[in-house]
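Asks: Have a look at the structure that comes next, please.
The values are calculated or read from the model by the stated rules, or taken from the named source; none is laboratory data. Treat the numbers as computed from the prediction; the structure is a model and nothing was measured. So basically every Cβ, Gly included, is an ideal-geometry build from the backbone, and we count neighbours across all protein chains shown. Quick note on the areas: whole protein, heavy atoms, side chains included, nothing else; ligands and nucleic acids left out. Shrake-Rupley method; radii C 1.70, N 1.55, O 1.52, S 1.80 Å.
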Amino acid sequence: MDIKNPIDVRIIVEGASDVESVSKAMRNIALGAEYHITISSIIPTTSSVIAKKAVKGADIVLIATDVDAPGRELAEKFQKVLKDEVGHIERMKLPFGHDVEYMDPYLIQTEIKNAIIRSGLISIANIKLFRELQDKLKESEKTIKDLSTKNKDLEALNNELSTETQKLQNSNDKSNEELESLEDKYNSLQIEFNSINHEYGEIQNKELFEAFSIDELWKEVFNEKLENKEQIYFISNEFKPENVIVGQDRIVALSKKDAVEWLKIIRVVLIFYDSKIEELKEEFDKGKI
């Protein structure tokens, strides 16, 4: 596989003397030809802040410290701080108490190569994990896509249900209003019925009455069509004739003769007081009568 850019490797050392040792060892090592690797910088520092800035963008970071306890602690510190900043971190051990002037460059060369090889082997081992993660990512993306589609379908269904619910609510409100209106009418009719029933009961307790159609009796007696029954109701309610009840298109009396007599009286009243009827009704409605 062709790699366009070489792998960027940076080395962190403890001090300037270690820079000299590593630089001297690298003079006779052909990392570019062998591994397509370039050592872009050698960083002498024990500061985590400086190290973090210096290794930014590196593919591999080698931490070169002594094999003694302070060296291990420094390497562990750098590994914790830099693990999320670079591709891979590998420790490179320097001989304890080494002397820069007499250190064998071959030892450092070998340690650098071994550290790079270890990095490569670990990276190869991680390829399988990486591919597994890629597969899981694809599965997750598909799941997310499916869930997104289902979510859109559910949102559309929810909107439809919300619209339908609103329609049902409006219909229910209208039905409740109609029910209240009908209940009011029923209560009004019930009151009227109770009143008429009460009057009828009183009449039944007194004597046996007869009921006649006002329209038919009027036509029979006067040979003319009754034009305004409301006036008859009004006059009857005003004068309240004894043993005669008028309402609901009927006139109830002890006999037909009594009913006819009352209609005749009403007709006379209508003839002489026709112009005053409306005034009387208005005064009655206003409670003046």
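Asks: So how much accessible area does residue 220 have, in Å² to the nearest 10, using a 1.4 Å probe?
Replies: Its accessible surface works out to 120 Å², give or take rounding.
Asks: How much length is gained on full extension from residue 85 to residue 67, taking 0.36 nm per residue of separation minus their Cα-Cα distance?
Replies: 4.0 nm
Asks: When ranked by the protection proxy of mean other Cβ atoms within 10 Å per residue, highest first, what sequence do the peptides 189-197, 227-235 form?
Replies: Result, highest mean first: 227-235, 189-197.
Asks: Oh, and also: Want the number for residue 159 to residue 48: 0.36 nm per residue separation, take away the alpha-carbon distance, what's left?
Replies: 34.4 nm
Asks: Turning to a different aspect of this structure: Using mean Cβ contacts within 10 Å as the protection proxy, how do 261-267, 131-137 order, highest first?
Replies: So the peptides 261-267, 131-137, ranked by packing, come out 261-267, 131-137.
Asks: From the cross-link list 52/93; 24/52; 93/113; 225/256; 56/136, which pairs have alpha carbons spaced over 22 Å apart?
Replies: Violating the 22 Å Cα-Cα cut-off are 24/52; 56/136.
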